[in-house]
Amino acid sequence: MNTFGLSIIASDKDFYHGRGSSLVLPTLDGEFAILAHHSDMMIAVVPGEMRFVTEDGENHVVVVGGGFAQVINNRVTVLTASVEKPEEIDLKRAREAEERAEEQLRQKQSMQEYYVSKASLARAMSRLKAGQKYNQG
C-alpha cells in the first residue's frame, strides 16, 4: 500500500505521528484530499472535519481549527489551532460557544473583532456538527 509520513500537531499537543494512506482536509474551497506521492504544496486549513486513514486501514475523523498543511517529499504536516476527536466534544460547551459567537457578531465591533467572532462561530459549528454525528451514530 502506498503511504506517506503524517504528522498532525495542534497548538497544545502532538496529535498523531505515523504513516497515512489518505488525508482529507477542510479548506475554503471545500475538501482537499491527499494521497501518497502528492505534489509539494501548502494548504490553508479552515475549522471543520478532517479525515485520515492510517497505514493499517483505520479510519479517523477529527475536528480541527484553522491552520495549514504542508506537503513535501511524501510527508504531510498539519499544523492547526486545535484537534479534537468527536467523542471528546462537550456539546453543551460547544452550543454555549456558538451562542456567544453569534451574540458577538450582533454587536458593533471592529473588523478584527468581527473576524475573531466569525472564526469562533465556525469552530463552534464544526464542533457541534461532529459531536452530534458521533452521539447519534
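The values are calculated or read from the model by the stated rules, or taken from the named source; none is laboratory data. None of these values were measured; they are calculated from a predicted model. For neighbour counting, all protein chains shown are included, and Cβ atoms are generated from backbone atoms with ideal geometry for every residue, glycine included. The protein model used for the area step is the full one, side chains on, heavy atoms only, and it has no ligands, DNA or RNA in it. Shrake-Rupley method; radii C 1.70, N 1.55, O 1.52, S 1.80 Å.
What to note about this one:
- Based on C-alpha pairs under 8 angstrom that are at least 6 apart in sequence, segment 20-63 has a relative contact order of 42 percent.
- P(r) of the chain over all Cα-Cα pairs, binned every 10 Å from zero, in whole percent: 12, 40, 32, 13, 3, 0
- Over all orientations, segment 17-92 has a Cα convex hull whose mean projected area works out to 5.2 square nanometres.
- Within-11-Å neighbourhood charge of residue 6 [Cβ basis; K, R +1; D, E -1]: +1
- The lysine pair tally for the chain, using Cα distances under 14 Å and a gap of 8 or more places or different chains, is 5.
- Considering only Cα atoms, the convex hull volume of segment 57-102 works out to 87 Å³ per residue.
- Among 43, 82, 121 - extreme Cα towards positive end, dipole of the chain, charges at beta-carbon: 121
- Adding -39500 (n - 2.57) for every DSSP H run of four residues or longer, then dividing by how many residues the chain holds, sets the calculated 222 nm ellipticity at -10500 deg cm²/dmol.
- Mean separation of Cα contacts under 8 Å, 6 or more apart, over the residue count of segment 1-98: relative contact order %: 28
- Alpha-carbon geometry of segment 75-137: the Rg and the Dmax are 13.6, 44 Å, given in that order.
- Solvent-accessible area of segment 21-137 (1.4 angstrom probe, protein heavy atoms only): carbon and sulfur portion equals 50 percent.
- Solvent-accessible area per residue, Å², over the chain with all protein chains present [probe radius 1.4 Å]: 59
- Exposure check, 1.4 Å probe, all protein chains in place: residue 51 carries approximately 80 Å² of accessible surface.
- Between residue 116 and residue 35, the modelled label-to-label distance comes to 4.3 nm, taking each label 7 Å out from Cα in the direction of the beta carbon.
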